[in-house]
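Structure, as structure tokens:
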Ligand SMILES: Nc1ncnc2c1ncn2[C@@H]1O[C@H](COP(=O)(O)OP(=O)(O)OP(=O)(O)O)[C@@H](O)[C@H]1O
Ligand SMILES: [Mg+2]
């Protein structure tokens with residue numbers, strides 16, 4: 001091993017009475033990729049937020065290149081050569097990729113009274129990082145709000161590559177990437193490693209941690225429970241470290257008899273991204289839609305939900321057509337869980353119970369008034385069912401860990417009486433153990449005679465939980481597969 005660059009010693013952190021980190025130590029060497037692993041709410045993001053100046057530790061020491069340092073704010077961290085990709089993307093949607101990559105470190109001409117921005121030069125550098133080093137295809141001049149989540153994530157990664165920091169922290173950088181983009185990111189990580197940068201990598205994909213990391217460190221309930229070089233670990237050892245016991249069946253699939261056709265799409269097109277899509281969804285069925293980034297899978301369900309314009313074709317729910325707006329879709333009995341929960345659904349100033357019940361107000365209202373007791377009962381039921389880690393149902397949603405926020409969003413749509421649930425990346429950011437709880441909840445929905453459509457970038461998950469799988473390629477359906485007879489290889493064949 002090379003020399004030690006960073007040591008975090010005996011770190012404690014409390015939020016009010018809740019102790020989130022309890023005596024955590026972490027050592028990082030030059031050129032090392034360290035994987036930080038733990039269940040949702042274990043304390044991973046909190047630990048790295050202390051390192052990048054967002055939080056202050058209650059006690060403990062940080063030693064950087066042999067010197068004790070104080071990191072009071074994000075700017076100080078940047079100056080010390082620590083750069084972070086946060087779990088919740090921090091790109092600015094109204095700015096384009098170039099502006100985001102150079103935010104707060106814009107290149108300017110000679111400083112006189114006015115320092116002109118050197119936009120062309122910034123554009124050249126940004127495009128070099130994006131197109132050559134990361135090998136992504138995107139429009140660097142387009143405001144990020146029009147870009148899919150994976151594109152935003154790549155811009156966030158590019159920003160860190162440009163910062164050229166000694167220590168690079170990546171908090172779930174692959175949560176919304178497909179295999180191909182993840183491989184590109186891993187190529188970049190290997191390059192950074194060779195140049196002597198050190199990386200802390202957080203992910204819930206255990207196989208990729210074993211692939212890219214040199215060492216791993218496992219947190220459980222705010223304490224480090226295991227660490228060591230990757231060759232010493234197996235997935236089973238990691239999981240039992242994380243959860244303190246063996247994992248049960250990862251994909252608990254209930255056998256649910258299919259009922260009548262609930263939803264039918266006939267030859268639908270949005271005029272830009274996809275065309276000629278037809279499918280049927282039965283009661284009791286889980287239908288998966290997969291395909292590479294840009295294949296149109298997300299646009300299909302967003303069109304069915306009325307968020308995008310339907311240019312051609314018809315969608316029927318229980319044999320009736322409905323209007324092409326979100327309101328019409330919701331009134332007809334369709335619910336949609338978007339992938340990017342933070343921007344597209346969480347009410348950050350509200351508590352957990354409120355965030356759970358907001359789409360089901362008629363269920364908890366009597367005589368035009370919200371019955372707090374009913375709201376609380378519903379919230380408690382989902383907190384227990386999905387094992388949401390929180391101090392109580394009245395905890396502010398912003399204080400929950402990323403994965404636990406996802407669980408609350410899922411609860412919200414499970415709670416509605418919708419017949420059809422459209423789930424976009426339902427387990428994004430959710431730990432291995434909690435994924436099983438999400439699958440069980442989805443299973444309970446279809447057992448309840450609902451229909452579910454899952455759009456996911458994880459082929460294995462789709463095979464594990466769905467009945468039928470549509471593979472999309474270039475905006476069209478390239479295959480319809482039966483989940484129990486297919487493999488990830490077969491899906492790949494039809495996607496590229
Ligand atoms: N600002 C805050 N106020 C109160 N509690 C907080 C705050 N931030 C985090 N917590 C709590 O600290 C615990 C650890 O959260 P953290 O975000 O570090 O988890 P994590 O390991 O990153 O989980 P995930 O995998 O879901 O991202 C959680 O129980 C969370 O509710
Ligand atoms: Mg986190």
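The values are calculated or read from the model by the stated rules, or taken from the named source; none is laboratory data. Just so you know, these numbers come straight off a predicted model, no measurement behind them. For neighbour counting, all protein chains shown are included, and Cβ atoms are generated from backbone atoms with ideal geometry for every residue, glycine included.
Do we find that residue 356 is within 30 Å of residue 93 (Cα to Cα) and in a helix (DSSP H, G or I) in this structure? So residue 356 passes the test.
I want to confirm something. Restricting to region 187-237 and keeping residues that are more than 24 Å from residue 40 (Cα to Cα) and in contact with a helix residue (DSSP H, G or I) (Cβ under 7 Å, 6 or more places away or on another chain), which single residue is farthest from ligand 1 (Cβ to nearest atom)? Filtering first and then ranking leaves 188.
Residue by residue, here is whether (1) under 19 Å from the mean Cα position of the chain (by Cα); (2) assigned to a strand (DSSP E or B); (3) surrounded by 15 or more Cβ atoms within 10 Å (Cβ to Cβ) holds:
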{"residue": "303", "(1), (2), (3)": "no, no, yes"}
{"residue": "308", "(1), (2), (3)": "no, no, yes"}
{"residue": "313", "(1), (2), (3)": "no, yes, yes"}
{"residue": "324", "(1), (2), (3)": "no, no, yes"}
{"residue": "330", "(1), (2), (3)": "no, no, yes"}
{"residue": "348", "(1), (2), (3)": "yes, no, no"}
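Checking the stated criteria, residue 364 turns out to be crowded, with 16+ Cβ neighbours inside 10 Å, more than 16 Å from ligand 2 (Cβ to nearest atom) and at pLDDT below 90.
Going by what's in this entry, would residue 177 be described as more than 16 Å from ligand 1 (Cβ to nearest atom), buried (at least 16 other Cβ atoms within 10 Å of the Cβ) and either in a loop (DSSP other than H, G, I, E, B) or within 14 Å of the chain's Cα centre (by Cα) (or both)? It is true that residue 177 is more than 16 Å from ligand 1 (Cβ to nearest atom), buried (at least 16 other Cβ atoms within 10 Å of the Cβ) and either in a loop (DSSP other than H, G, I, E, B) or within 14 Å of the chain's Cα centre (by Cα) (or both). Looking across 50, 92, 85, 37, one residue alone is at pLDDT 95 or above and in contact with a helix residue (DSSP H, G or I) (Cβ under 7 Å, 6 or more places away or on another chain). It is 37.
Regarding residue 84, is this residue closer than 19 Å to residue 403 by Cβ, within 14 Å of ligand 1 (Cβ to nearest atom) and not in a strand (DSSP E or B)? Before you say what the answer is, go through the steps one by one.
Working: closer than 19 Å to residue 403 by Cβ: yes; within 14 Å of ligand 1 (Cβ to nearest atom): yes; not in a strand (DSSP E or B): no.
So residue 84 fails the test.
Any chance region 225-235 includes a residue that's surrounded by 20 or more Cβ atoms within 10 Å (Cβ to Cβ) and touching a strand residue (DSSP E or B) at 6+ places or on another chain (Cβ under 9 Å)? Yes. Residue 10 satisfies every condition listed in (1) within 15 Å of ligand 1 (Cβ to nearest atom); (2) in contact with a strand residue (DSSP E or B) (Cβ under 9 Å, 6 or more places away or on another chain); (3) closer than 19 Å to residue 220 by Cβ except (1). Exactly one residue out of 376, 396 is at pLDDT 90 or above and within 24 Å of residue 19 (Cα to Cα), and it is 396. When every residue of region 133-147 is checked against the conditions, at least one turns out to be at pLDDT 85 or above, surrounded by 15 or more Cβ atoms within 10 Å (Cβ to Cβ) and out of contact with any helix residue (DSSP H, G or I) (no Cβ under 8 Å at 6 or more places or on another chain).
None of 44, 49 is surrounded by 14 or more Cβ atoms within 10 Å (Cβ to Cβ), under 24 Å from residue 428 (Cβ atoms), within 16 Å of ligand 2 (Cβ to nearest atom) and without any contact (Cβ under 8 Å) to a residue 12 or more places away in the chain except 49.
Only one residue in 98, 69 is surrounded by 14 or more Cβ atoms within 10 Å (Cβ to Cβ), modelled with pLDDT of 90 or more, out of contact with any strand residue (DSSP E or B) (no Cβ under 6 Å at 6 or more places or on another chain) and under 21 Å from residue 168 (Cβ atoms). Which one?
98
Scanning region 180-208 for residues that are within 16 Å of ligand 2 (Cβ to nearest atom) and buried (at least 22 other Cβ atoms within 10 Å of the Cβ) yields 200, 201, 202, 203, 204.
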